[in-house]
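The structure appears right after this line, and notes come after that.
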Amino acid sequence: MSGQIGEVEETIPQSGVVQQVIIPRSVSQSKKMVAIFLAAILAPAVFFALRTGKHKGRSPTTGEGKSSVIVHTGTAYQGDMGVYIDALGTVTPITTVNIYSQASGQVLAVHYREGQIVHKGDPLLDIDSRPYQAQLQQAEGLLDHDRGVLKQAEIDLARYKEAFASHAVAKQVLDDQEQAVIQDQGAVKYDLGQVQYAEVQLSYCHITAPTSGRVGLRLIDSGNTIFAGSSSTLVVITELQPITVVFNVAEDHLGEIQTQLSQHKPLVVEAFDRSAETKVATGILLTLDNQIDTSTGTVRFRGEFTNRDLTLFPNQFVNARLLVRTLKNAVLIPSAAIQRNGTQAFVFVVDKDAVSVRNVTERSTDGNATAVEGLRVGEMVALSSFDKLQEGTPVTVEQLPQKARPDKGSAS
């Protein structure tokens, strides 16, 4: 290759003949400028790519280069758990008494306060008893009179018997006197009934509590006149101790419950508030209805509660839980670990910094713990990041905050 100033001579073979082409030097310089320009543009991009690669290299990875998922875990542990039947219930008092007037008269005194706890026999109301005392006195006077007549007839009968024995009187006179005594005896018996009736009417003027319980709001004040046979209620008393809860249970559970009842085992019933979070009281199953409600397919059950602290109130809505049996030494895990795919329950088991999907069978749930089959005691299950987990996903276990840890079964 030979050249002159400003030119470049280049030999190009063509069809077996060597030809010389002269290229101006300005063209060669233009190519160098383009190369320098491209290098200036690409250099920052390459530098940024290298920096990004180094930054990613600092994140948790596995040997295959996949990023791990941060999870919280719980540990399967062994314990006892009850098998419960949940139902909606209503607090129902054993006794509710509506007291009506059985005597007419003016109310002289009201002895109770609204909402007061009364006991059987405590005075409630006093009604003007003077008319009934007068009736009793009349009946007692008539009784005394007829008793005197009867006594006189009995004396006469004794005389007639002596006279008849001496043939002093006819047999007819003796027979008449015997019947007169019987008539007087009947009159005395009638008078006794009248006295007893007057005493009962007089007792209606002093109304006492027929049972123990809480008195409702006042429905009558002193000074008012009430009438016997009126439909107006004077006092309502509701028995609170003990008290019952009536709840409906599906007929599918009837066989299992009857099996326990046939063994004469008392079944525990727990009452929770409307939110089903706070236990209100604990009692026992008292009885069940004698037939199934065909419209709902349920049976009515009644549980009895001592209600010592009066936490259960008549007609209160509660969530009832009937303890049918207790699972002994079951495998328990936090309920938050259980996921569902349709009807199948499963958990993510954490082992060697990776998770595996394991199908489980739920046996019972109580609060934040669930008894399951398909896990062993000590195995760890994931409690978070479920949307990022699948079979074989690498994970990094992170400690839970102290306040967020479940009471049992939480490892981290």
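The values are calculated or read from the model by the stated rules, or taken from the named source; none is laboratory data. Nothing here was measured: the structure is a model prediction, and the numbers come from that model. Heads up, the Cβs are rebuilt from the backbone with ideal geometry, glycines too, and the neighbour counts pull from every protein chain shown. When the accessible area is computed, the model is the full protein with side chains, heavy atoms only, and any ligands, DNA or RNA have been set aside. Shrake-Rupley method; radii C 1.70, N 1.55, O 1.52, S 1.80 Å.
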Inter-label distance for residue 158 and residue 308, nm, one decimal - labels placed 7 Å from Cα along Cα-to-Cβ: 6.7
Gain on full stretching of the segment that runs from residue 97 to residue 218 - 0.36 nm per residue minus C-alpha separation: 42.1 nm
For segment 82-236: accessible area per residue (Å², 1.4 Å): 60
Convex hull volume per residue for segment 228-270, taking Cα atoms only, in Å³: 179
Segment 200-208 - phi-based ³J(HN,Hα) in whole Hz, Karplus 6.51/-1.76/1.60, Gly and Pro as x: 5, 4, 5, 5, 5, 7, 10, 8, 10
Accessible surface of segment 163-290 [probe 1.4 Å, protein heavy atoms]: carbon and sulfur percent: 51
Euclidean distance between Cα centres, segment 203-269 to segment 332-380, Å: 46
Under the Debye formula (equal points on every Cα, no solvent term), log10 I(q)/I(0) of segment 200-273 at q = 0.11 Å⁻¹: -0.58
Added length on full extension, which subtracts the Cα-Cα distance from 0.36 nm per residue, residue 176 to residue 252: 19.5 nm
Binned Cα-Cα distances of segment 233-376, short to long, each 5 Å bin given as a whole percent: 2, 8, 14, 15, 15, 15, 12, 8, 5, 3, 2, 1, 0, 0, 0, 0
Rounded to the nearest 10 Å², the accessible area of residue 164 at probe 1.4 Å: 70
Ratio of Rg to Rh over segment 291-368 (Cα coordinates, Kirkwood Rh, two decimals): 1.13
Inter-site label distance for residue 119 and residue 183 at 7 Å from Cα along Cβ, in nm: 5.5
